[in-house]
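Student: Before I ask anything, here is the structure I am working with.
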Amino acid sequence: SLTPAGSHLYARAATLLRDAEELELSATSGGEELAGPLVVGCYLTAAPTILPVLLGGFTAEHPRVQLDFVEGTQDEMQDRLFAGELDLAGVYDMDLRPGLGPVLLYEIPAYALLPGDHRLAGRDEVPLAELAAEPMILLDAPPSSHHTLSLFQDAGVAPRIRYRTTDFELTRSLVGRGAGYSVLVQRPAVDATYEGLPVVARPIAPAVKPVAVRMIWPEAIRPTVRARAMVAYAAAAVRDVRNTPGRRPA
């Protein structure tokens with residue numbers, strides 16, 4: 001184990017080596033074009049919304065950047081950031097550890113996902129109290145599950161959990177089959193499951209506080225020029241695509 005002095009020296013040495021690498025890459029490109037590796041992590045359920053936008057648009061603007069990505073849980077993304085394995089990560093603004101710099105990408109409220117023929121499918125909004133007695137499919141992938149259960153707690157009711165899954169699309173498929181309802185945050189553009197069965201997304205009543213999705217990085221490590229460019233690009237591009245579904249970023 002490193003002593004406090006050793007830990008300080010290690011962090012200082014890592015910073016110097018990182019700066020030397022950046023200087024070499026800058027010299028190679030003549031300082032005019034971004035070049036080099038960039039690894040972006042993303043929380044599992046947010047990945048389909050965030051990563052395709054970044055991989056397509058940022059790579060087109062900066063073809064010499066070797067952009068790669070990693071998916072995982074919220075804890076895994078933070079562990080890998082602090083270990084220096086990731087430059088950036090897209091996560092929910094929940095259960096974040098100290099020492100992380102965040103930039104807001106977008107905000108989105110949770111909603112109730114119902115089978116197409118559910119008795120409440122025709123409602124404009126759905127109170128959690130009217131769903132609590134029915135079987136629920138819980139997306140059991142923290143912090144999503146923590147957030148979902150906190151919504152029921154705030155509403156003063158307890159859900160009757162029938163199934164627990166760790167997969168977003170499996171959750172939607174079970175709802176489509178009529179096995180129960182679910183409460184989710186990310187919302188695909190198409191209200192149908194893999195099997196083509198209809199599902200209905202309805203706002204929760206009373207309205208719940210939106211969940212923030214942020215891009216984060218360790219504050220103790222100076223982001224590379226590539227990482228800073230990605231943060232600026234992501235903040236504009238992801239929000240733009242979410243506001244205009246089906247539109248590719250310019």
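Student: Please give the length that would be gained between Glu130 and Ala83 if that part of the chain were fully extended, namely 0.36 nm times their separation in residues minus their C-alpha to C-alpha distance (nm, one decimal).
Tutor: Working: separation 47, 0.36 × 47 = 16.92 nm, distance 4.49 nm.
Here the segment from Glu130 to Ala83 would lengthen by 12.4 nm.
Student: I've got another one for you. How high is the relative contact order of region 117-250, in percent, with contacts defined as C-alpha pairs under 8 Å that are six or more residues apart? Walk me through the numbers on the way to the answer.
Tutor: Details: 134 pairs, mean separation 32.7, N = 134.
This gives 24 percent for region 117-250.
Student: Related question: Which of the listed residues, Ser173, Ala234, Gly196, is farthest toward the dipole's positive end in region 101-250, when Lys, Arg count +1 and Asp, Glu count -1 at the beta-carbon?
Tutor: My answer, from the dipole projection, is Ala234.
Student: Might you work out the accessible area of Glu125 for me, using a 1.4 Å probe with all protein chains in place, and round it to the nearest 10 Å²?
Tutor: Rounded to the nearest 10, the figure is 100 Å².
Student: Given 37 °C and 0.692 mPa s, how large is the Stokes-Einstein diffusion coefficient of region 74-148 in µm²/s, with Rh as the Kirkwood radius over Cα pairs?
Tutor: Working: Rh = 15.4 Å.
Value of D from the Cα-based Kirkwood radius: 213 µm²/s.
Student: Further question on the same structure: Suppose the chain between Leu149 and Glu107 were pulled fully straight at 0.36 nm per residue; how much longer would it get relative to their current alpha carbon spacing?
Tutor: Stretched fully, the Leu149-Glu107 segment lengthens by 13.2 nm.
Student: In whole Hz and in residue order, list the ³J(HN,Hα) couplings for region 189-199 that follow from phi through the Karplus curve 6.51 cos²θ - 1.76 cosθ + 1.60, θ = phi - 60°; x for Gly and Pro.
Tutor: 6, 10, 8, 8, 8, 4, 7, x, 7, x, 10
Student: Evaluate the distance, in nm, between pseudo-label points positioned 7 Å from the Cα of Asp93 and of Val190 along their respective Cα→Cβ axes.
Tutor: Going by the 7 Å Cα→Cβ label model, 3.2 nm.
Student: So, one more: Quote to one decimal, in nm, the extra length available between Arg222 and Arg160 on full extension: 0.36 nm per residue of separation minus the C-alpha distance between them.
Tutor: Details: separation 62, 0.36 × 62 = 22.32 nm, distance 4.63 nm.
Separation in residues times 0.36 nm, less the Cα-Cα distance, equals 17.7 nm.
Student: For region 123-250, what's the radius of gyration and Dmax over Cα atoms, in angstrom?
Tutor: 17.6, 52
Student: How high is the relative contact order of region 32-110, given as a whole-number percent (alpha carbon pairs under 8 Å, six or more residues apart)? The partial results should precede the final answer.
Tutor: Working: 93 pairs, mean separation 30.9, N = 79.
Relative contact order comes out at 39 percent.
The values are calculated or read from the model by the stated rules, or taken from the named source; none is laboratory data. These numbers were taken from a predicted model, which means no experiment stands behind them. Ideal geometry is used to build each Cβ from the backbone, glycine not excepted, and the neighbour counts take in all protein chains shown. Each accessible area value is taken on the protein alone, full model and side chains, heavy atoms only, with ligands, DNA and RNA left out. Shrake-Rupley method; radii C 1.70, N 1.55, O 1.52, S 1.80 Å.
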